[in-house]
Amino acid sequence: MESDHVAEGEAKGILSVLEVRGIPVTDSVRERITSCTDLDRMDTWLERSRTVERAEDLFDEEGNADKPIS
């Protein structure tokens, strides 16, 4: 299915951005990213991958990933 290939490409992109930025990715985070098939969610994660401090922050559905930690 074509959307599976798109999702696979999105996952690679997200993981690549995190890697280039030096953000460690746990196995559980990698699994969550690579098993996702929701392209809208993956687009959000790709955008967040450019600014998050921790890979786990990709999944902050409340949109708090951009807020500084107090």
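The label-point distance for Val6 and Leu39, in a model that sets each label 7 Å from Cα toward Cβ, rounds to 0.0 nm. Expressed as a whole percent, the accessible surface of segment 1-45 that belongs to carbon and sulfur atoms is 49, based on a 1.4 Å probe.
Between Glu47 and Arg21, the simple label model (points 7 Å from Cα in the Cβ direction) yields a spacing of 1.4 nm.
The values are calculated or read from the model by the stated rules, or taken from the named source; none is laboratory data. Remember, predicted model here, so these are calculated numbers, not experimental data. We place every Cβ from the backbone using ideal geometry, glycine too, and count neighbours over all the protein chains shown. These area figures cover heavy atoms from the full protein model, side chains too; ligands, DNA and RNA do not enter into them. Shrake-Rupley method; radii C 1.70, N 1.55, O 1.52, S 1.80 Å.
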